[in-house]
Amino acid sequence: MRRPIIAGNWKMNKTVPEAVRLAKQIKLLVEEDARERVEVVLCPPFTALHAVGEVLQDSAVKLGAQNVHDQPKGAYTGEVSVPMLKDLGCEYVILGHSERRAYFGETDEMVNRKAKAALSRDLGVIICVGETLHEKREGRTEEVVRTQVRGALAGLEPARPEQLVIAYEPVWAIGTGENATGSEANDVIAMIRRLVGELLGADTAEAVRIQYGGSVKPENIKSFLTQSDIDGALVGGASLEAASFAEIVKG
Ligand code: PGA
């Protein structure tokens with residue numbers, strides 16, 4: 001059985017004191033769930049990773065980052081490496097979020113290099129894929145998502161398949177209040193799982209967690225978690241408030 005995974009992507013929000021406060025509140029509310037039922041990951045901005053990591057030290061709630069460079073060190077001004085994230089206690093990193101693809105030119109090939117760098121150093125990845133509204137209207141969802149998944153997973157050999165998480169996030173649903181329906185998302189996610197099977201084998205496909213992301217809220221989380229292939233959620237806006245994030249974790 002796959003353990004569901006709920007991750008909060010705080011994006012470029014929260015100063016260090018604000019992040020510490022939010023992490024403490026979330027920890028109080030979801031500690032038991034995180035120990036028993038569901039993997040919970042908080043992904044604050046780089047600046048707050050250390051402080052939030054300290055809050056989560058004796059907690060089952062895990063720490064994640066929102067991006068990473070593929071090289072372990074060197075002359076890459078402004079970048080942060082996998083060993084640096086591991087050093088802070090990160091267990092996951094979000095890769096290829098649609099905002100990084102749209103605003104920072106991130107490609108499938110870059111996502112692939114980052115995924116290899118992370119997994120080879122025992123850092124879990126949450127790889128984001130999803131179609132734009134335009135692509136959806138043209139009926140190209142499957143083609144676009146397949147290309148992204150193929151690109152991201154090329155040559156990947158995850159030693160621990162549970163460290164490979166894919167987030168299906170239709171771009172038109174991110175931060176818009178407009179979400180895919182549970183069954184729409186499940187269809188795409190089941191397709192992704194079949195593709196993972198073709199690429200990495202049936203056992204890996206069974207073990208890989210695939211989340212839905214895009215305007216997940218306490219009011220709609222059940223419609224996703226009750227689907228056969230959806231293993232959790234990547235939550236943006238609703239993860240910035242402890243009560244709403246905790247409700248989502250509790251399903
Ligand atoms: P949202 O963001 O929940 O605010 O739509 C999701 C995401 O970007 O991961």
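The values are calculated or read from the model by the stated rules, or taken from the named source; none is laboratory data. Everything numeric in this text was worked out from a predicted model, so none of it was measured. Please note: Cβ atoms are built from the backbone with ideal geometry, for glycine as well, and neighbour counts cover all protein chains shown.
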Can you confirm whether the stretch 39-60 contains a residue that is modelled with pLDDT of 95 or more and farther than 28 Å from V249 by Cα? no
When you go through (1) in a helix (DSSP H, G or I); (2) within 30 Å of A205 (Cβ to Cβ) one by one for L22, which number turns out not to apply? (2)
Residue that is surrounded by the most Cβ atoms within 10 Å (Cβ to Cβ), among those in the stretch 185-196 that are more than 16 Å from E143 (Cβ to Cβ) and out of contact with any Asp or Glu (no Cβ under 8 Å at 6 or more places or on another chain): A185
Out of (1) touching a residue at least 24 places away in the same chain (Cβ under 8 Å); (2) more than 22 Å from R101 (Cα to Cα), what's the single condition that is false for D187? (1)
Which members of the stretch 211-227 meet the condition of being surrounded by 24 or more Cβ atoms within 10 Å (Cβ to Cβ) and of a type in the set (S, T, Y)? Y212
